[in-house]
1. Which whole number in µm²/s is D for the stretch 1-107 by Stokes-Einstein, with the Kirkwood Rh taken over Cα pairs at 20 °C and 1.002 mPa s?
2. So who's got an amide H within less than 5 Å of the one on Gly56, skipping anything under 5 residues away but keeping other chains? H placed 1.01 Å off N, in plane.
3. Excluding same-chain residues fewer than 8 positions from Lys254, which lysines have a Cα within less than 17 Å of its Cα?
4. Take peptides 251-260, 56-65, 105-114 and line them up by average Cβ neighbours within 10 Å, highest first, as a rough protection proxy.
5. Tally Lys/Arg at +1 and Asp/Glu at -1 over every other residue whose Cβ is under 12 Å from the Cβ of Ala113; what's the total?
6. Using Cα centres only, tell me the gap between the stretch 186-225 and the stretch 85-142 in whole Å.
7. To the nearest 0.05, how large is the calculated FRET efficiency for Lys4 and Ser162 if R₀ is 30 Å and r is the Cβ-Cβ distance?
8. Below 18 Å Cα-Cα, how many Lys pairs turn up in the stretch 6-202? Only count pairs eight or more apart in sequence, or on different chains, if you could.
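Please treat every number below as a calculation from the coordinates, not as lab data. Since the model is a prediction, treat every value here as computed from it, not as a measurement. Neighbour counts run over all protein chains shown; Cβ positions are idealised from the backbone, glycine included.
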Amino acid sequence: MEYKNILTETVGGLFIITINRPDVLNSINSETGKELQHALGYCADTPGIRAVLLTGTGRAFCAGQDLAEALPKDNPPADIATIVRETYNPIILKLKNLSKPVIAGVNGVAAGAGANIALACDLIVASDKASFIQAFSKIGLIPDSGGTYTLLRHVGYHKAFSLMAFGEKLSSEEARNLGIVYRIFSFESFVEDVKKFAQQVASMPTLALSLTKEALNKSNNNDLEEQLELEEKLQAIAGNSYDYKEGVKAFLEKRNPEFKGE
Ligand code: T3D
């Protein structure tokens, strides 16, 4: 598929997806939605890809739905359920179900579905100029793209409800204090810094990271006993991996391990 709205790049085991519609703050029209879904599918199907970085060009990460497309001037009311079903739900499920760590590199503002796409990623790093806005209530919508699921679990009911009701801007510093953002880099050097950070993740024992992702995601539906059984099953997979043997060997030989994600 030829992409018109996103840029992609492979750097070793890292696959970088950059939403590239800076004039409209990287908002998502249906074509962009299809391209994102396709690129995430490619990441799932390509064994050499060990980690994914999702970011945006310019001063925005993503301003959510392209509102000019959602409500065209001379057309009848938009079929919002279709937009949510065909564009956002598949993107969120692909991010969550991808058995590789996904890093959101939130370079700038992340609003509406853009904020919730970031929340669906496994690690969020942000620039010092980034912000997160549950913008939906400002246009009379409810949060979608999994926001009522992910943000609730991050910050609890009352914080989630007030952020969603008032659509207030959360700075990267505030988001770090809430445990949402892992690390903050300067906007000026963000592109290089986030790439370096993501490359580091791609060189980690990425099979173990993907099993960790599976365990955390499944814990939402498990009781403790079921979760302990799941940990046992996934640990058996990790314990049979090349990376486990290499990790232990490197420890005993007092050197840095060279993981393969296998
Ligand atoms: O169909 C459905 O709606 C269902 C799906 C829903 C999922 C959703 O994501 S709903 C939420 C949609 N997003 C928003 O409501 C956010 C809209 N944008 C903003 O509130 C502001 O742009 C920001 C707070 C993100 C940034 O503000 P600011 O002042 O830094 O920038 P700006 O001047 O508002 O925007 C710069 C340009 O980007 C501007 O175009 P112009 O005037 O230079 O030609 C603006 O129109 C454009 N832009 C920003 N966001 C969007 C957009 N164009 C289309 N869609 C957008 N979402």
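1. 149 µm²/s
2. HN-HN under 5 Å from Gly56: Ile19, Asn107.
3. Straight-distance partners of Lys254: Lys245.
4. By packing density, highest mean first, the sequence is 105-114, 56-65, 251-260.
5. Its environment carries a net charge of -2.
6. One Cα centre to the other: 15 Å.
7. 0.20
8. 9
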